[in-house]
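In what follows, a single structure is set out as C-alpha coordinates and then discussed.
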Amino acid sequence: SGPGVRLRFSPIGLSHISKSISDAMMKEIVASSFPFQPQPITMTRSSVRISSLSLLSLSILPSSHPSVESRPPNSLHATVPGISMTLVGSSSGRLSDGPFSTPLLLNATDAQLSVTIAITSDVIGNPVLKVKSCDIPNGFPMVVSYNRTLGINSRKELVSLASHDAINIFRDVICPRVEHLLEHRINSRFALLPPKMSLADNSNADLVKLINDAEKLRERRISGMRRVPEMMKRGKRQAAKGGILKHFDLTRADNLYLDYAMTQPPVANQFGLDIYSSGEISTLGGSTPFGPRALPLFSTANHTTMLQIALSDFVPNSLMYHGHKTGLFNTRVDPSTPHFGPMMRSTCDLSTGSLFCVGDIFPTLRSALPNRGIAFIFSTIQAPVLIVRPESAGGIFFQLAGMMEVRAIDASGMETMAGKMTLDISGSMKMRMTSKVVKGKITLDQIVMKTMTPEILSQDELDDAGFLSHEIVQRMVNDILRDGIPIPVHPLFKLRSPKLTLFDRSFEIATDFSLNSKLIRQLTSEDLNDTIKRVAA
(Lines give C-alpha, C1' and ligand atoms only; values in the text may rest on other atoms or scores of the structure.)
Protein backbone atom coordinates (compact mmCIF):
# COMPACT_ATOMS: atom_id res chain seq x y z
CA SER A 1 0.00 0.00 0.00
CA GLY A 2 1.02 3.63 -0.26
CA PRO A 3 1.85 5.92 -3.18
CA GLY A 4 3.12 4.53 -6.44
CA VAL A 5 4.60 7.88 -7.47
CA ARG A 6 6.52 10.56 -5.63
CA LEU A 7 7.34 13.87 -7.31
CA ARG A 8 9.87 16.33 -5.93
CA PHE A 9 9.80 19.83 -7.39
CA SER A 10 13.15 21.50 -6.74
CA PRO A 11 13.44 25.24 -5.99
CA ILE A 12 14.35 25.70 -9.67
CA GLY A 13 11.17 23.90 -10.75
CA LEU A 14 9.00 25.77 -8.25
CA SER A 15 10.39 29.10 -9.50
CA HIS A 16 9.53 28.11 -13.08
CA ILE A 17 5.95 27.22 -12.09
CA SER A 18 5.63 30.46 -10.13
CA LYS A 19 6.84 32.48 -13.12
CA SER A 20 4.33 30.88 -15.51
CA ILE A 21 1.36 31.25 -13.15
CA SER A 22 2.33 34.81 -12.18
CA ASP A 23 2.50 35.84 -15.83
CA ALA A 24 -0.93 34.32 -16.48
CA MET A 25 -2.48 35.91 -13.38
CA MET A 26 -1.26 39.47 -14.02
CA LYS A 27 -3.73 40.03 -16.84
CA GLU A 28 -6.56 38.43 -14.85
CA ILE A 29 -5.88 40.58 -11.77
CA VAL A 30 -6.51 43.66 -13.93
CA ALA A 31 -9.15 42.47 -16.40
CA SER A 32 -11.35 40.15 -14.34
CA SER A 33 -14.49 41.24 -12.56
CA PHE A 34 -14.48 40.54 -8.83
CA PRO A 35 -17.38 40.23 -6.36
CA PHE A 36 -15.98 43.09 -4.26
CA GLN A 37 -14.70 46.63 -4.67
CA PRO A 38 -11.66 48.24 -3.02
CA GLN A 39 -12.65 50.04 0.15
CA PRO A 40 -11.86 53.77 0.55
CA ILE A 41 -8.50 54.34 2.23
CA THR A 42 -7.77 57.05 4.79
CA MET A 43 -4.18 58.21 4.86
CA THR A 44 -2.38 57.26 8.07
CA ARG A 45 -1.00 60.78 8.66
CA SER A 46 -4.05 62.84 7.69
CA SER A 47 -7.78 62.76 7.02
CA VAL A 48 -7.25 62.58 3.24
CA ARG A 49 -9.25 59.73 1.66
CA ILE A 50 -8.74 57.86 -1.56
CA SER A 51 -11.86 56.22 -2.99
CA SER A 52 -13.12 54.63 -6.23
CA LEU A 53 -9.80 52.90 -6.70
CA SER A 54 -9.31 51.10 -10.00
CA LEU A 55 -6.32 49.03 -11.16
CA LEU A 56 -5.34 50.17 -14.66
CA SER A 57 -2.30 47.99 -15.29
CA LEU A 58 -0.13 45.29 -13.72
CA SER A 59 2.88 43.66 -15.34
CA ILE A 60 6.12 41.81 -14.62
CA LEU A 61 9.44 42.44 -16.29
CA PRO A 62 10.16 39.61 -18.76
CA SER A 63 13.57 39.14 -17.12
CA SER A 64 12.03 38.85 -13.65
CA HIS A 65 12.21 35.41 -12.00
CA PRO A 66 10.32 34.64 -8.79
CA SER A 67 12.10 33.07 -5.85
CA VAL A 68 10.26 30.29 -4.01
CA GLU A 69 10.95 29.08 -0.48
CA SER A 70 9.49 25.82 0.86
CA ARG A 71 8.07 26.17 4.35
CA PRO A 72 7.13 23.01 6.26
CA PRO A 73 4.78 21.36 6.54
CA ASN A 74 3.06 22.22 3.26
CA SER A 75 3.54 25.87 2.27
CA LEU A 76 5.37 27.77 -0.44
CA HIS A 77 6.46 31.39 -0.08
CA ALA A 78 6.90 33.08 -3.48
CA THR A 79 8.39 36.53 -4.02
CA VAL A 80 7.78 38.03 -7.46
CA PRO A 81 10.06 41.00 -8.27
CA GLY A 82 9.98 43.53 -11.09
CA ILE A 83 6.28 44.42 -10.88
CA SER A 84 4.89 47.63 -12.39
CA MET A 85 1.37 48.75 -11.48
CA THR A 86 -0.90 51.73 -11.99
CA LEU A 87 -3.89 52.78 -9.85
CA VAL A 88 -6.38 55.57 -10.40
CA GLY A 89 -8.77 56.93 -7.79
CA SER A 90 -10.36 60.04 -6.32
CA SER A 91 -8.69 61.84 -3.43
CA SER A 92 -10.35 64.37 -1.17
CA GLY A 93 -9.99 65.98 2.24
CA ARG A 94 -8.02 68.87 3.67
CA LEU A 95 -4.43 69.80 2.97
CA SER A 96 -2.38 72.83 4.02
CA ASP A 97 -3.93 74.96 1.28
CA GLY A 98 -7.44 73.99 2.38
CA PRO A 99 -10.11 71.52 1.23
CA PHE A 100 -9.50 69.73 -2.06
CA SER A 101 -10.81 67.05 -4.35
CA THR A 102 -8.78 65.71 -7.28
CA PRO A 103 -8.28 62.59 -9.37
CA LEU A 104 -5.13 60.72 -8.35
CA LEU A 105 -2.92 58.48 -10.48
CA LEU A 106 -0.33 56.26 -8.75
CA ASN A 107 2.29 54.61 -10.95
CA ALA A 108 4.69 52.20 -9.18
CA THR A 109 7.69 50.38 -10.68
CA ASP A 110 10.08 47.68 -9.54
CA ALA A 111 7.79 46.52 -6.73
CA GLN A 112 7.69 43.05 -5.18
CA LEU A 113 4.72 40.85 -4.39
CA SER A 114 5.12 38.15 -1.74
CA VAL A 115 2.52 35.41 -1.33
CA THR A 116 2.54 32.39 0.99
CA ILE A 117 0.33 29.53 -0.14
CA ALA A 118 -0.58 26.36 1.78
CA ILE A 119 -1.30 23.34 -0.43
CA THR A 120 -3.62 20.57 0.72
CA SER A 121 -5.93 18.18 -1.11
CA ASP A 122 -9.68 17.70 -1.31
CA VAL A 123 -11.54 14.44 -0.73
CA ILE A 124 -10.79 13.13 -4.24
CA GLY A 125 -7.11 14.11 -4.22
CA ASN A 126 -7.18 17.34 -6.23
CA PRO A 127 -5.02 20.22 -4.95
CA VAL A 128 -6.50 22.97 -2.78
CA LEU A 129 -4.69 26.31 -2.43
CA LYS A 130 -5.02 28.57 0.62
CA VAL A 131 -3.41 32.02 0.76
CA LYS A 132 -1.79 32.38 4.18
CA SER A 133 -0.32 35.81 3.55
CA CYS A 134 -0.02 38.40 0.78
CA ASP A 135 2.13 41.50 0.99
CA ILE A 136 4.10 44.11 -0.90
CA PRO A 137 7.08 43.99 1.45
CA ASN A 138 9.37 46.80 0.36
CA GLY A 139 9.20 50.38 -0.84
CA PHE A 140 9.38 51.14 -4.55
CA PRO A 141 9.73 54.08 -6.93
CA MET A 142 6.39 55.79 -7.51
CA VAL A 143 5.08 58.68 -9.56
CA VAL A 144 2.01 60.55 -8.22
CA SER A 145 -0.10 62.46 -10.75
CA TYR A 146 -2.85 64.89 -9.69
CA ASN A 147 -4.86 67.93 -10.75
CA ARG A 148 -2.49 70.83 -11.36
CA THR A 149 -4.94 73.27 -9.80
CA LEU A 150 -3.68 72.23 -6.39
CA GLY A 151 -1.48 74.72 -4.59
CA ILE A 152 2.24 74.06 -4.40
CA ASN A 153 2.14 73.13 -0.72
CA SER A 154 -0.83 70.82 -1.21
CA ARG A 155 0.91 69.10 -4.10
CA LYS A 156 3.98 68.35 -2.03
CA GLU A 157 1.85 67.21 0.89
CA LEU A 158 -0.31 64.91 -1.28
CA VAL A 159 2.75 63.32 -2.89
CA SER A 160 4.31 62.74 0.54
CA LEU A 161 1.12 61.21 1.95
CA ALA A 162 0.57 58.92 -1.06
CA SER A 163 4.21 57.80 -1.12
CA HIS A 164 4.13 57.05 2.61
CA ASP A 165 1.00 54.89 2.29
CA ALA A 166 1.75 53.44 -1.18
CA ILE A 167 2.42 49.91 0.08
CA ASN A 168 -0.90 49.77 1.96
CA ILE A 169 -2.80 51.27 -0.98
CA PHE A 170 -1.49 48.81 -3.57
CA ARG A 171 -1.66 45.83 -1.19
CA ASP A 172 -5.33 46.54 -0.34
CA VAL A 173 -6.19 46.54 -4.05
CA ILE A 174 -4.04 43.67 -5.35
CA CYS A 175 -3.94 41.08 -2.54
CA PRO A 176 -7.73 40.46 -2.35
CA ARG A 177 -7.67 39.80 -6.09
CA VAL A 178 -4.74 37.39 -5.81
CA GLU A 179 -6.54 35.56 -3.01
CA HIS A 180 -9.79 35.37 -4.98
CA LEU A 181 -8.08 34.02 -8.11
CA LEU A 182 -6.18 31.33 -6.21
CA GLU A 183 -8.77 30.25 -3.65
CA HIS A 184 -11.90 30.57 -5.76
CA ARG A 185 -11.21 30.48 -9.49
CA ILE A 186 -8.25 28.08 -9.63
CA ASN A 187 -9.49 25.88 -6.76
CA SER A 188 -12.95 25.62 -8.31
CA ARG A 189 -11.42 24.44 -11.58
CA PHE A 190 -9.14 21.95 -9.85
CA ALA A 191 -12.24 20.63 -8.05
CA LEU A 192 -14.01 19.98 -11.36
CA LEU A 193 -11.16 17.92 -12.77
CA PRO A 194 -11.49 14.13 -12.66
CA PRO A 195 -8.77 12.55 -10.47
CA LYS A 196 -8.37 9.89 -13.15
CA MET A 197 -7.65 10.72 -16.77
CA SER A 198 -7.94 8.36 -19.72
CA LEU A 199 -4.71 7.52 -21.49
CA ALA A 200 -6.26 9.05 -24.60
CA ASP A 201 -6.78 12.43 -22.89
CA ASN A 202 -3.35 12.29 -21.28
CA SER A 203 -1.64 13.05 -24.59
CA ASN A 204 -3.78 16.09 -25.46
CA ALA A 205 -5.48 17.40 -22.34
CA ASP A 206 -8.10 20.15 -22.52
CA LEU A 207 -9.71 21.50 -19.37
CA VAL A 208 -13.19 21.90 -20.84
CA LYS A 209 -13.19 18.35 -22.24
CA LEU A 210 -11.92 16.92 -18.96
CA ILE A 211 -14.61 18.78 -17.00
CA ASN A 212 -17.24 17.70 -19.52
CA ASP A 213 -16.15 14.05 -19.27
CA ALA A 214 -16.13 14.27 -15.46
CA GLU A 215 -19.68 15.62 -15.46
CA LYS A 216 -20.83 12.79 -17.72
CA LEU A 217 -19.27 10.20 -15.41
CA ARG A 218 -20.89 11.81 -12.34
CA GLU A 219 -24.27 11.74 -14.07
CA ARG A 220 -23.86 8.07 -14.87
CA ARG A 221 -22.97 7.24 -11.28
CA ILE A 222 -25.99 9.16 -10.03
CA SER A 223 -28.33 7.46 -12.48
CA GLY A 224 -26.93 4.05 -11.57
CA MET A 225 -26.56 3.05 -15.20
CA ARG A 226 -24.33 0.05 -15.73
CA ARG A 227 -23.70 0.27 -19.47
CA VAL A 228 -20.17 1.36 -20.32
CA PRO A 229 -20.30 4.82 -21.92
CA GLU A 230 -18.84 5.53 -25.32
CA MET A 231 -15.89 7.43 -23.87
CA MET A 232 -14.90 4.33 -21.87
CA LYS A 233 -15.02 1.83 -24.72
CA ARG A 234 -11.94 -0.04 -25.73
CA GLY A 235 -9.23 2.01 -27.39
CA LYS A 236 -9.32 2.54 -31.13
CA ARG A 237 -7.75 -0.37 -32.91
CA GLN A 238 -5.78 1.32 -35.62
CA ALA A 239 -2.82 -0.06 -37.52
CA ALA A 240 0.56 1.22 -36.43
CA LYS A 241 2.47 2.05 -39.59
CA GLY A 242 5.04 -0.63 -40.26
CA GLY A 243 4.09 -2.55 -37.11
CA ILE A 244 2.99 -6.13 -36.70
CA LEU A 245 -0.25 -5.36 -34.88
CA LYS A 246 -3.43 -4.23 -36.54
CA HIS A 247 -5.12 -2.82 -33.50
CA PHE A 248 -2.79 -1.79 -30.74
CA ASP A 249 -2.13 1.83 -29.83
CA LEU A 250 -1.69 2.28 -26.10
CA THR A 251 -1.97 6.06 -26.12
CA ARG A 252 -5.50 5.68 -27.52
CA ALA A 253 -6.57 3.11 -24.95
CA ASP A 254 -9.30 5.32 -23.54
CA ASN A 255 -10.84 2.54 -21.47
CA LEU A 256 -7.81 2.74 -19.16
CA TYR A 257 -7.39 5.58 -16.68
CA LEU A 258 -4.30 6.99 -15.02
CA ASP A 259 -4.81 8.07 -11.40
CA TYR A 260 -3.22 11.47 -10.67
CA ALA A 261 -4.98 11.98 -7.31
CA MET A 262 -2.80 12.91 -4.36
CA THR A 263 -2.77 10.20 -1.72
CA GLN A 264 -1.70 12.61 1.04
CA PRO A 265 -1.03 16.35 1.46
CA PRO A 266 2.15 17.68 -0.16
CA VAL A 267 5.26 17.94 2.01
CA ALA A 268 7.49 21.04 1.90
CA ASN A 269 11.11 20.61 2.96
CA GLN A 270 14.53 22.13 2.33
CA PHE A 271 14.79 20.24 -0.96
CA GLY A 272 11.54 21.56 -2.46
CA LEU A 273 7.98 20.22 -2.53
CA ASP A 274 7.11 16.49 -2.49
CA ILE A 275 3.81 15.32 -3.96
CA TYR A 276 2.52 11.75 -3.62
CA SER A 277 0.03 10.04 -5.93
CA SER A 278 -1.25 6.58 -6.69
CA GLY A 279 -0.13 6.32 -10.32
CA GLU A 280 -2.44 3.35 -10.80
CA ILE A 281 -3.60 2.60 -14.34
CA SER A 282 -6.93 0.81 -14.30
CA THR A 283 -10.37 0.59 -15.78
CA LEU A 284 -12.86 3.06 -14.35
CA GLY A 285 -14.12 1.54 -11.11
CA GLY A 286 -11.69 -1.36 -11.40
CA SER A 287 -9.32 -2.30 -8.61
CA THR A 288 -5.80 -3.71 -8.71
CA PRO A 289 -5.25 -6.71 -6.38
CA PHE A 290 -1.72 -5.61 -5.44
CA GLY A 291 0.01 -2.38 -4.51
CA PRO A 292 3.39 -0.65 -4.66
CA ARG A 293 6.35 -1.39 -2.45
CA ALA A 294 7.73 1.51 -0.43
CA LEU A 295 9.49 3.98 -2.71
CA PRO A 296 13.18 4.72 -2.04
CA LEU A 297 14.16 8.11 -0.64
CA PHE A 298 15.47 10.72 -3.03
CA SER A 299 19.11 11.66 -2.80
CA THR A 300 19.67 14.65 -0.52
CA ALA A 301 22.22 16.10 -2.93
CA ASN A 302 21.17 19.38 -4.52
CA HIS A 303 19.75 18.59 -7.94
CA THR A 304 20.08 20.97 -10.86
CA THR A 305 16.95 19.58 -12.53
CA MET A 306 13.46 20.94 -11.95
CA LEU A 307 11.81 17.64 -11.04
CA GLN A 308 12.60 14.18 -9.69
CA ILE A 309 10.11 11.35 -10.10
CA ALA A 310 10.20 8.08 -8.16
CA LEU A 311 8.02 5.59 -10.00
CA SER A 312 7.17 2.18 -8.55
CA ASP A 313 6.99 -0.75 -10.94
CA PHE A 314 3.45 -1.02 -9.58
CA VAL A 315 2.52 1.57 -12.24
CA PRO A 316 3.44 -0.52 -15.33
CA ASN A 317 2.21 -3.70 -13.63
CA SER A 318 -1.21 -2.14 -12.96
CA LEU A 319 -1.30 -1.34 -16.67
CA MET A 320 -0.36 -4.93 -17.48
CA TYR A 321 -3.03 -6.29 -15.13
CA HIS A 322 -5.92 -4.19 -16.44
CA GLY A 323 -4.67 -4.44 -20.02
CA HIS A 324 -4.89 -8.23 -19.62
CA LYS A 325 -8.35 -8.05 -18.03
CA THR A 326 -9.69 -5.90 -20.88
CA GLY A 327 -7.98 -7.85 -23.66
CA LEU A 328 -5.84 -4.87 -24.59
CA PHE A 329 -2.82 -7.01 -25.44
CA ASN A 330 -4.70 -9.48 -27.62
CA THR A 331 -3.48 -9.40 -31.18
CA ARG A 332 -3.54 -11.11 -34.53
CA VAL A 333 -1.01 -12.00 -37.22
CA ASP A 334 -2.46 -13.02 -40.59
CA PRO A 335 -1.75 -12.77 -44.35
CA SER A 336 -2.43 -9.02 -44.28
CA THR A 337 0.09 -8.31 -41.51
CA PRO A 338 3.09 -6.23 -42.64
CA HIS A 339 6.44 -8.04 -42.76
CA PHE A 340 5.05 -11.49 -41.92
CA GLY A 341 1.94 -11.57 -44.14
CA PRO A 342 3.43 -13.47 -47.12
CA MET A 343 4.57 -16.28 -44.77
CA MET A 344 1.14 -16.74 -43.15
CA ARG A 345 0.07 -19.65 -45.37
CA SER A 346 -0.06 -23.42 -44.95
CA THR A 347 1.22 -24.06 -48.48
CA CYS A 348 3.67 -21.93 -50.43
CA ASP A 349 5.28 -22.05 -53.86
CA LEU A 350 5.99 -19.64 -56.68
CA SER A 351 2.28 -19.16 -57.29
CA THR A 352 1.75 -17.86 -53.74
CA GLY A 353 4.52 -15.28 -53.96
CA SER A 354 6.60 -16.80 -51.15
CA LEU A 355 8.97 -19.76 -51.06
CA PHE A 356 8.80 -20.11 -47.28
CA CYS A 357 5.73 -20.13 -45.04
CA VAL A 358 4.24 -21.35 -41.77
CA GLY A 359 3.38 -24.70 -43.35
CA ASP A 360 7.09 -25.44 -43.75
CA ILE A 361 7.50 -25.13 -39.97
CA PHE A 362 4.34 -27.11 -39.16
CA PRO A 363 4.06 -29.94 -41.74
CA THR A 364 1.18 -31.58 -39.85
CA LEU A 365 -0.84 -28.39 -40.21
CA ARG A 366 0.05 -28.19 -43.92
CA SER A 367 -1.08 -31.78 -44.53
CA ALA A 368 -4.36 -31.32 -42.65
CA LEU A 369 -5.23 -27.91 -44.11
CA PRO A 370 -3.41 -27.31 -47.41
CA ASN A 371 -3.67 -24.10 -49.45
CA ARG A 372 -5.03 -22.00 -46.60
CA GLY A 373 -4.18 -18.66 -45.17
CA ILE A 374 -3.10 -18.91 -41.54
CA ALA A 375 -3.92 -16.53 -38.71
CA PHE A 376 -2.31 -16.56 -35.26
CA ILE A 377 -4.68 -15.10 -32.63
CA PHE A 378 -2.78 -14.26 -29.47
CA SER A 379 -4.30 -13.50 -26.04
CA THR A 380 -2.80 -13.24 -22.57
CA ILE A 381 -3.93 -15.88 -20.07
CA GLN A 382 -2.54 -13.99 -17.11
CA ALA A 383 -1.26 -10.47 -16.62
CA PRO A 384 2.26 -9.83 -17.96
CA VAL A 385 4.81 -9.03 -15.26
CA LEU A 386 7.54 -6.41 -15.28
CA ILE A 387 10.09 -6.42 -12.44
CA VAL A 388 12.57 -3.55 -12.12
CA ARG A 389 16.05 -4.16 -10.74
CA PRO A 390 19.19 -2.00 -10.84
CA GLU A 391 21.32 -2.42 -13.97
CA SER A 392 23.95 -4.18 -11.82
CA ALA A 393 21.33 -6.80 -10.86
CA GLY A 394 20.18 -7.46 -14.41
CA GLY A 395 17.89 -4.52 -15.10
CA ILE A 396 14.23 -5.07 -16.05
CA PHE A 397 12.75 -8.57 -16.25
CA PHE A 398 9.62 -9.24 -18.32
CA GLN A 399 7.38 -12.31 -18.30
CA LEU A 400 4.30 -13.11 -20.35
CA ALA A 401 2.01 -16.14 -20.49
CA GLY A 402 -0.41 -16.42 -23.39
CA MET A 403 -2.41 -18.61 -25.69
CA MET A 404 -2.12 -18.76 -29.46
CA GLU A 405 -5.08 -19.91 -31.49
CA VAL A 406 -4.29 -21.00 -35.04
CA ARG A 407 -6.99 -20.42 -37.64
CA ALA A 408 -7.16 -21.59 -41.25
CA ILE A 409 -8.58 -19.13 -43.82
CA ASP A 410 -10.10 -20.52 -47.03
CA ALA A 411 -10.36 -18.74 -50.37
CA SER A 412 -13.70 -17.16 -49.42
CA GLY A 413 -12.19 -15.65 -46.25
CA MET A 414 -14.00 -18.01 -43.90
CA GLU A 415 -11.94 -18.91 -40.82
CA THR A 416 -11.81 -22.28 -39.03
CA MET A 417 -10.11 -22.92 -35.70
CA ALA A 418 -7.30 -25.36 -36.45
CA GLY A 419 -5.23 -25.61 -33.25
CA LYS A 420 -4.05 -24.03 -30.03
CA MET A 421 -0.83 -23.67 -28.08
CA THR A 422 0.29 -21.95 -24.91
CA LEU A 423 3.33 -19.70 -24.72
CA ASP A 424 5.55 -18.86 -21.77
CA ILE A 425 7.80 -15.95 -22.62
CA SER A 426 10.51 -14.28 -20.54
CA GLY A 427 13.18 -11.75 -21.36
CA SER A 428 14.97 -8.55 -20.45
CA MET A 429 13.92 -5.03 -21.29
CA LYS A 430 15.89 -1.94 -22.23
CA MET A 431 14.18 1.35 -21.45
CA ARG A 432 14.41 4.78 -23.00
CA MET A 433 12.62 8.02 -22.17
CA THR A 434 10.46 10.42 -24.12
CA SER A 435 8.64 13.49 -22.78
CA LYS A 436 5.50 11.45 -22.02
CA VAL A 437 6.33 7.75 -21.74
CA VAL A 438 8.97 5.22 -20.76
CA LYS A 439 9.47 3.01 -23.79
CA GLY A 440 10.76 -0.54 -23.59
CA LYS A 441 12.32 -2.99 -26.03
CA ILE A 442 12.29 -6.68 -25.15
CA THR A 443 15.01 -9.18 -25.87
CA LEU A 444 13.54 -12.62 -25.35
CA ASP A 445 15.58 -15.10 -23.36
CA GLN A 446 13.11 -17.98 -23.47
CA ILE A 447 9.99 -19.06 -25.36
CA VAL A 448 8.28 -22.28 -24.32
CA MET A 449 5.42 -23.41 -26.59
CA LYS A 450 3.11 -26.24 -25.55
CA THR A 451 0.58 -27.72 -27.93
CA MET A 452 -3.06 -28.14 -26.92
CA THR A 453 -3.97 -29.82 -30.22
CA PRO A 454 -1.18 -32.34 -31.03
CA GLU A 455 -3.11 -33.72 -34.00
CA ILE A 456 -2.57 -30.38 -35.82
CA LEU A 457 0.32 -28.77 -33.96
CA SER A 458 2.91 -31.41 -33.14
CA GLN A 459 4.95 -30.76 -30.02
CA ASP A 460 8.10 -31.84 -31.84
CA GLU A 461 7.35 -29.32 -34.56
CA LEU A 462 6.80 -26.58 -31.97
CA ASP A 463 10.11 -27.46 -30.32
CA ASP A 464 11.84 -27.25 -33.71
CA ALA A 465 10.14 -23.98 -34.75
CA GLY A 466 13.27 -22.17 -33.66
CA PHE A 467 14.24 -18.81 -35.04
CA LEU A 468 11.04 -17.90 -36.90
CA SER A 469 8.73 -18.36 -33.93
CA HIS A 470 11.23 -16.47 -31.77
CA GLU A 471 11.25 -13.61 -34.28
CA ILE A 472 7.45 -13.47 -34.62
CA VAL A 473 6.85 -13.56 -30.86
CA GLN A 474 9.58 -11.01 -30.10
CA ARG A 475 8.10 -8.59 -32.63
CA MET A 476 4.64 -9.22 -31.21
CA VAL A 477 5.73 -8.48 -27.64
CA ASN A 478 7.64 -5.36 -28.67
CA ASP A 479 4.62 -4.07 -30.57
CA ILE A 480 2.52 -4.60 -27.43
CA LEU A 481 4.97 -2.29 -25.65
CA ARG A 482 5.62 0.05 -28.59
CA ASP A 483 3.69 3.01 -27.14
CA GLY A 484 5.33 2.76 -23.76
CA ILE A 485 4.36 3.18 -20.14
CA PRO A 486 2.81 6.59 -19.43
CA ILE A 487 4.72 8.69 -16.91
CA PRO A 488 2.14 9.62 -14.25
CA VAL A 489 2.79 13.36 -14.37
CA HIS A 490 -0.18 15.63 -14.99
CA PRO A 491 -0.43 16.87 -18.61
CA LEU A 492 0.13 20.37 -17.22
CA PHE A 493 3.81 19.36 -17.45
CA LYS A 494 5.87 18.36 -20.48
CA LEU A 495 9.15 16.75 -19.54
CA ARG A 496 12.40 17.90 -21.15
CA SER A 497 15.60 15.85 -21.35
CA PRO A 498 14.51 13.19 -18.82
CA LYS A 499 17.14 10.78 -17.51
CA LEU A 500 16.22 7.34 -16.18
CA THR A 501 17.88 5.37 -13.35
CA LEU A 502 16.80 1.90 -12.21
CA PHE A 503 16.43 0.92 -8.55
CA ASP A 504 15.02 -2.12 -6.79
CA ARG A 505 11.37 -2.26 -7.90
CA SER A 506 11.30 1.38 -9.02
CA PHE A 507 12.51 3.90 -11.59
CA GLU A 508 13.83 7.36 -10.87
CA ILE A 509 13.53 10.11 -13.47
CA ALA A 510 15.43 13.39 -13.24
CA THR A 511 14.12 15.99 -15.66
CA ASP A 512 13.36 19.58 -16.50
CA PHE A 513 9.91 20.53 -17.75
CA SER A 514 7.90 23.13 -19.57
CA LEU A 515 4.30 23.98 -18.70
CA ASN A 516 1.22 23.53 -20.87
CA SER A 517 0.40 27.19 -21.52
CA LYS A 518 -3.10 26.32 -22.74
CA LEU A 519 -3.99 24.60 -19.45
CA ILE A 520 -2.44 27.44 -17.44
CA ARG A 521 -4.65 29.93 -19.29
CA GLN A 522 -7.70 27.72 -18.75
CA LEU A 523 -7.01 27.48 -15.02
CA THR A 524 -6.72 31.26 -14.61
CA SER A 525 -8.82 32.85 -17.33
CA GLU A 526 -12.17 34.48 -16.62
CA ASP A 527 -13.14 33.78 -20.24
CA LEU A 528 -13.59 30.11 -19.38
CA ASN A 529 -16.28 30.77 -16.74
CA ASP A 530 -19.20 30.90 -19.18
CA THR A 531 -18.00 27.75 -20.93
CA ILE A 532 -17.71 25.87 -17.64
CA LYS A 533 -21.18 27.02 -16.61
CA ARG A 534 -22.63 25.74 -19.89
CA VAL A 535 -20.84 22.41 -19.45
CA ALA A 536 -22.09 22.05 -15.88
CA ALA A 537 -25.62 22.99 -16.95
>> Using the Karplus curve 6.51 cos²θ - 1.76 cosθ + 1.60 with θ = phi - 60°, what ³J(HN,Hα) values do you get for each residue of segment 273-280, in whole Hz, with x for Gly and Pro?
In response: 10, 9, 10, 10, 9, 5, x, 5
> Which residue, chosen from 528, 427, 176, occupies the Cα position most advanced towards the positive end of the dipole of the chain, where the dipole is computed from +1 (Lys, Arg) and -1 (Asp, Glu) charges on Cβ about the Cα centre?
Replying inline: 176
> How high is the FRET efficiency from residue 387 to residue 171, r the C-beta distance, R0 51 Å, rounded to 0.05?
Replying inline: 0.35
> Of the accessible area of the chain, with the probe set at 1.4 angstrom, what percent is carbon plus sulfur?
Replying inline: 53
>> Give the residue list of trypsin sites (Lys or Arg not before Pro) in segment 289-364 that are DSSP loop and have at most 15 other beta-carbon atoms within 10 angstrom.
In response: 293
> Helix 166-180 sits at what angle to the longest principal axis of the chain, using alpha carbons and giving 0 to 90 degrees rounded to 10?
Replying inline: 30
> Using alpha carbons only, how many degrees (0 to 90, rounded to 10) separate the axis of helix 11-31 from the longest principal axis of the chain?
Replying inline: 60
> Which net charge results for the neighbourhood of residue 151, defined as the other residues with beta-carbon distances under 12 angstrom from its beta-carbon, given Lys and Arg at +1 and Asp and Glu at -1?
Replying inline: +1
> Under a no-solvent Debye model with one identical scatterer per Cα of segment 334-446, what's log10 I(q)/I(0) at q = 0.11, 0.19, 0.20, 0.21 Å⁻¹?
Replying inline: -0.51, -0.98, -1.02, -1.07
> Under a Cβ-Cβ cut-off of 13 Å, what is the net charge of the residues other than residue 356 that fall near it, where Lys and Arg count +1 and Asp and Glu count -1?
Replying inline: -1
> Rounded to the nearest whole Å², what accessible area per residue is found for the chain with the 1.4 Å probe?
Replying inline: 45
> Tell me, what HN-Hα J-couplings in whole Hz come from the Karplus equation 6.51 cos²θ - 1.76 cosθ + 1.60 at θ = phi - 60° for each residue of segment 403-419, using x for Gly and Pro?
Replying inline: 10, 10, 9, 9, 10, 9, 10, 7, 4, 7, x, 6, 10, 10, 5, 9, x
>> Taking 26 Å as the cut-off for C-alpha to C-alpha distance, list the pairs among 132/494; 430/450; 27/156; 19/132; 132/499; 27/130 that go past it.
In response: 132/494; 430/450; 27/156; 132/499
> Taking θ as phi - 60°, what are the ³J(HN,Hα) couplings along segment 313-328 by the Karplus curve (6.51, -1.76, 1.60), each to the nearest whole Hz, with x for Gly and Pro?
Replying inline: 6, 4, 4, x, 6, 5, 4, 4, 5, 6, x, 5, 4, 9, x, 5
>> What number does segment 10-66 give for Rg over Rh if you use C-alpha atoms and the Kirkwood radius?
In response: 1.15
> Given H placed 1.01 Å from N in the peptide plane, which residues other than close sequence neighbours of residue 389 have an amide H under 5 Å from its amide H?
Replying inline: 395, 396, 397, 505
>> Just to confirm the number: angle between the C-alpha axis of helix 207-223 and the first principal axis of the chain, 0 to 90 degrees, nearest 10?
In response: 70
> How big is the Cα convex hull of the chain in projection, averaged over all directions, in nm²?
Replying inline: 31.5
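To the nearest 20 Debye, how big is the dipole of segment 1-55 about its Cα centre, given +1 on the beta carbon of each Lys and Arg and -1 on that of each Asp and Glu?
Dipole of segment 1-55, to the nearest 20 debye: 180 debye.
The values are calculated or read from the model by the stated rules, or taken from the named source; none is laboratory data. Computed from a predicted model, the values in this text were never measured in an experiment. Because the Cβ atoms are built from the backbone with ideal geometry, glycine has one as well, and the counts that use them run over all protein chains shown. Areas reflect the complete protein model, heavy atoms only, side chains present, ligands, DNA and RNA absent. Shrake-Rupley method; radii C 1.70, N 1.55, O 1.52, S 1.80 Å.
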